[in-house]
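The values are calculated or read from the model by the stated rules, or taken from the named source; none is laboratory data. Note that this is a predicted model, so its numbers are computed, not measured. Every residue, glycine as well, gets a Cβ built from its backbone with ideal geometry; the counts of neighbours run over all protein chains shown. Protein only, heavy atoms only, side chains kept; ligands, DNA and RNA dropped before computing areas. Shrake-Rupley method; radii C 1.70, N 1.55, O 1.52, S 1.80 Å.
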Amino acid sequence: MKQILSIRHTLTIALMIMLLASCSSPKDLVFANLEWSVSDYYGQIIDKDTTYRMTFGNVLIPDPLTIVSSSDSVAKYPGMDCFLADILHKARLDGAEILFYAPEMKTMFVKPKRAMQPLRPSSVSSPMSDEKPYTMWVNDGDIEDWTRNPTEMYTYTYFDKKKKQFLIVDFYDYGDTPIAQITVFQSHNKATEKMNVKETHLRSFYLEHDLKKFMRDIEFWAHQVEIRRARAFANYKIGQEQKIRKR
């Protein structure tokens, strides 16, 4: 009996460690703590000292827009800390500095903590300075160094059927700063519903499409991928404009 209790005790401790390791707390997430506002003139989100300007594309932006950019703001949504930590972990961006996450716009911008390790991407877009950069799809057998240079954008995709989540992670330079633009597609599930992220008549945190039926809605997803890529190209160009303006 003592042996059985000992085994149960050991398993309980192991389970608790796993649960703690699987979820970060607000203090474990790194935020740039910037103040953001939406400019009606530019149709962009801009930080207080105008170091960053980002576009969401040619879409209507809710007013006010939910923006998570600090420990205080993430704490407003139960479970949001775990949600963001999980996204960063999947994207190999643990410890990255979060500039902001706009749930309704399905977009998060972060500054990687360190240079990305060479890893084969899903696609490479280059040269970013062109009006319409060329995108090359990467085959499984392609052999390259896979170290991104400043004129390229590397794109990675992560699909989690169980969590009904699809991530597209674009790495490119904003001015001279390497940045990751993470597009978060999330269907309803119990964990995300607990966050109580508001929904408006303009935008919703959730998708109307069920990600478990990904292949059925392939045309919808193809369109979403194209929209996201165009937005990344636009933000690259804004970053170049910002670099010139700062000089």
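Of the residues 193, 219, the single one that is modelled with pLDDT under 85, closer than 22 Å to residue 160 by Cβ and open to solvent by less than 100 Å² (accessible area, probe 1.4 Å) is 193. Inclusion of residue 90 among residues that are touching a residue at least 60 places away in the same chain (Cβ under 8 Å), surrounded by fewer than 16 Cβ atoms within 10 Å (Cβ to Cβ) and of a type in the set (D, E, K, R) is not warranted. Of all residues in the stretch 152-168, which are of a type outside the set (S, T, N, Q) and surrounded by 16 or more Cβ atoms within 10 Å (Cβ to Cβ)? 152, 153, 154, 156, 163, 164, 166, 167, 168, listed by residue number. Taking every residue in the stretch 67-84 that is of a type in the set (A, V, I, L, M) and pairing it with any residue that is in a loop (DSSP other than H, G, I, E, B), at least 6 positions away or on another chain, the pairs with Cβ-Cβ distances below 7 Å are 74/29; 80/195; 84/29.
Taking the criterion of being charged (D, E, K, R) and either in a loop (DSSP other than H, G, I, E, B) or modelled with pLDDT of 95 or more (or both), the residues of the stretch 91-107 that qualify are 92, 94, 97, 106.
For (1) of a type outside the set (A, V, I, L, M, F, W, C); (2) in contact (Cβ under 8 Å) with a residue 60 or more places away in the chain; (3) exposed (fewer than 12 other Cβ atoms within 10 Å of the Cβ); (4) not in a strand (DSSP E or B), each residue gets a yes or a no:
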| position | (1), (2), (3), (4) |
| --- | --- |
| 109 | no, yes, no, no |
| 116 | no, yes, no, yes |
| 129 | yes, yes, yes, yes |
| 136 | no, no, no, no |
| 140 | yes, no, yes, yes |
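The residues of the stretch 25-78 that are small (Gly, Ala, Ser) and assigned to a loop (DSSP other than H, G, I, E, B), listed by number, are 25, 32, 43, 57, 69, 70, 75.
Which of the residues spanning the stretch 69-87 are within 14 Å of the chain's Cα centre (by Cα) and open to solvent by less than 10 Å² (accessible area, probe 1.4 Å)? Of everything in the stretch 69-87, those that are within 14 Å of the chain's Cα centre (by Cα) and open to solvent by less than 10 Å² (accessible area, probe 1.4 Å) turn out to be 80, 84, 87.
Take the conditions (1) of a type in the set (A, V, I, L, M); (2) at pLDDT 95 or above; (3) open to solvent by 20 Å² or more (accessible area, probe 1.4 Å); residue 180 misses just one of them, which is (3). Taken over the stretch 225-238, residues that are surrounded by 18 or more Cβ atoms within 10 Å (Cβ to Cβ) and either under 14 Å from residue 105 (Cβ atoms) or acidic (Asp, Glu) (or both) amount to 4.
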